[in-house]
Each structure stands twice: as structure tokens, then as C-alpha cells.
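Visitor: Sharing a structure below in C-alpha cells format, with a few things to ask.
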Amino acid sequence: EVQLVESGGGLVQPGRSMKLSCAASGFTFSNYGMAWVRQAPTKGLEWVATISYDGSSTYYRDSVKGRFTISRDNAKSTLYLQMNSLRSEDTATYYCTRDPPIHKGFFDYWGQGVMVTVSS
Amino acid sequence: DIQMTQTPSSMPASLGERVTISCRASQGISNYLNWYQQKPDGTIKPLIYYTSNLQSGVPSRFSGSGSGTDYSLTISSLEPEDFAMYYCQQYDSSPLTFGSGTKLEIK
């Protein structure tokens, strides 16, 4: 059974940093691209970043480019999102998702989400 | 960025009813359109990929169609577990974008 379990969220002050993790199991992690999608309170879904299966390629939405870094450790089957210079508008639930090779851009498994609150 | 406009934003419906949710892209997306369901507890379930392909395990009462800029999700006969939020998402070009969602409510 595919499982994606996020951790590392919580309350952080504006301008500070936070690192999210996503532990994957139930599939060969190194064969799949992965992505983060977020949802601000009472808002819709918003794609944040994607990383290729081997970590060689990364893609970001403009609003996080230069502040967030997506990375992965295939030996540990873990996805990361390093978030720096956090802003109030980054407050959201962050979902770890799997991005299958055949239909890149279709998120076929989602974690339960982890809440990040940016506030002083 | 490609804007995805979903209609309606909310839809009251009854058990057994057939419903259709629409999604319009601001430019052609070549059928690169997915649908997701979100329950009140936040759980997100993929339903349909590439316009009309049913994700494994999704009941056959769900179907998708469309082309160009206009797409739709149809539920042929509503079951109690179908009352939820639904989102469309395009993956024709970056940034990947979602519609604003449709809340399917019990009438």
C-alpha cells in the first residue's frame, strides 16, 4: 500500500525557515517524480514544486522560487521541502504527492497534509 | 499562467441524481486535465486523469469528458460518499493550476 506521511509543520515567525519531510513507502520511491501542493485556509489547491525521480530536475511556482527548495533522498525514500524567508501568505496545509512517470503532472497519491502557520 | 474556471462553485443535489461539474481553461490544454475529490477532513483522492481515464479503484459512476478549453466531470448517480469538494487541474503547462473548486452539497 502506497503511503506518504508528512512531518515538520507548525508555527513559525515571518522571515524564518522550516523544513518539511515526507516519508514514502509501498512503492519504489526512486522511480517516481514527487511534488508538493499546498492549500491555504478556506482556499483551493496550489502547486508548489516538483522534483524528478533522480533529483536532477526541479520546478517551482514563481512565488516560492528562490525561497523554497525541493529535494529528495532516494536511499531514505524521503522527500523534503526547505522553506526560507517565510511569509504570511505561505500559511497553508502542505501535501506531499506522487507524480507518476507516465502521466507527469497527475498526482496519483497524496499524503494527509501538514499545517504550516507563518505568524508573529 | 493558465486560469481554470470551475462552475458552479457549489451545487446542492440529491442522492441518486446525475450531476455535472464544468471546468474551463483560459487557453487550450490538449486534454491534460485531471479531477480530484477532497473530503471535509482534508483527504484528497485522485479521480480522473487525462480528461477521461478513471483512476484505479474509482467507481464507474464517475466519468470525464472534454477537449480544447472545456471539460466536465459527471457523476451518474450520487452516493452519500460523493458529497465533497471537487477540483480540476491542468498539466499542459507550468505552473500547474487548479480550479477554485466545486462543493457538492446534499439538497
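The values are calculated or read from the model by the stated rules, or taken from the named source; none is laboratory data. Keep in mind that this is a model prediction, so the values were computed, not measured. Don't worry about glycine lacking a Cβ; one is built from the backbone with ideal geometry, like all the others, and counts go over all protein chains shown. Remember, those area values only see protein heavy atoms, side chains included, never the ligands or the DNA or RNA. Shrake-Rupley method; radii C 1.70, N 1.55, O 1.52, S 1.80 Å.
Visitor: Yes or no: region B:77-87 includes at least one residue that is under 20 Å from residue A:43 (Cα atoms), at the interface with chain A (Cβ under 9 Å from one of its Cβ atoms) and crowded, with 16+ Cβ neighbours inside 10 Å.
Guide: yes
Visitor: Every residue in region A:11-32 that is over 21 Å from residue A:120 (Cα atoms), open to solvent by 10 Å² or more (accessible area, probe 1.4 Å) and touching a strand residue (DSSP E or B) at 6+ places or on another chain (Cβ under 9 Å), please.
Guide: A:21, A:23, A:24, A:25, A:26, A:27, A:30, A:32
Visitor: When the residues of region A:110-120 are filtered to those that are touching a strand residue (DSSP E or B) at 6+ places or on another chain (Cβ under 8 Å), of a type outside the set (A, V, I, L, M, F, W, C) and surrounded by fewer than 22 Cβ atoms within 10 Å (Cβ to Cβ), which remaining residue is farthest from the other protein chains (Cβ to nearest Cβ)?
Guide: This residue is A:119.
Visitor: Restricted to region A:58-103, and to residues that are among the polar types (S, T, N, Q) and within 11 Å of chain B (Cβ to nearest Cβ), which residue is surrounded by the most Cβ atoms within 10 Å (Cβ to Cβ)?
Guide: Only one residue tops the list, namely A:97.
Visitor: Another question about this same structure. Taking region A:12-63 only, how many residues are in a loop (DSSP other than H, G, I, E, B), hydrophobic (A, V, I, L, M, F, W, C) and farther than 19 Å from residue B:46 by Cα?
Guide: 1
Visitor: Here's a follow-up. May I ask you to say which residue of B:2, B:48, B:29, B:44 is touching a residue at least 24 places away in the same chain (Cβ under 8 Å), farther than 10 Å from residue B:90 by Cα and among the hydrophobic types (A, V, I, L, M, F, W, C)?
Guide: Just one listed residue meets the conditions, B:48.
Let's see how each residue does on (1) touching a helix residue (DSSP H, G or I) at 6+ places or on another chain (Cβ under 6 Å); (2) among the small types (Gly, Ala, Ser):
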| residue | (1), (2) |
| --- | --- |
| B:10 | no, yes |
| B:14 | no, yes |
| B:17 | no, no |
| B:27 | no, no |
| B:33 | no, no |
| B:43 | no, no |
| B:50 | no, no |
| B:60 | no, yes |
| B:75 | yes, no |
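Visitor: In the list B:56, B:63, B:52, B:94, which residue meets the criterion of being within 14 Å of another protein chain (Cβ to nearest Cβ), under 13 Å from the mean Cα position of the chain (by Cα) and open to solvent by 40 Å² or more (accessible area, probe 1.4 Å)?
Guide: The match here is B:52.
Visitor: Shifting gears a bit: So how many residues does region B:6-22 have that are away from every other protein chain (no Cβ under 12 Å) and either in a strand (DSSP E or B) or at pLDDT below 95 (or both)?
Guide: Residues flagged as away from every other protein chain (no Cβ under 12 Å) and either in a strand (DSSP E or B) or at pLDDT below 95 (or both) within region B:6-22 amount to 9.
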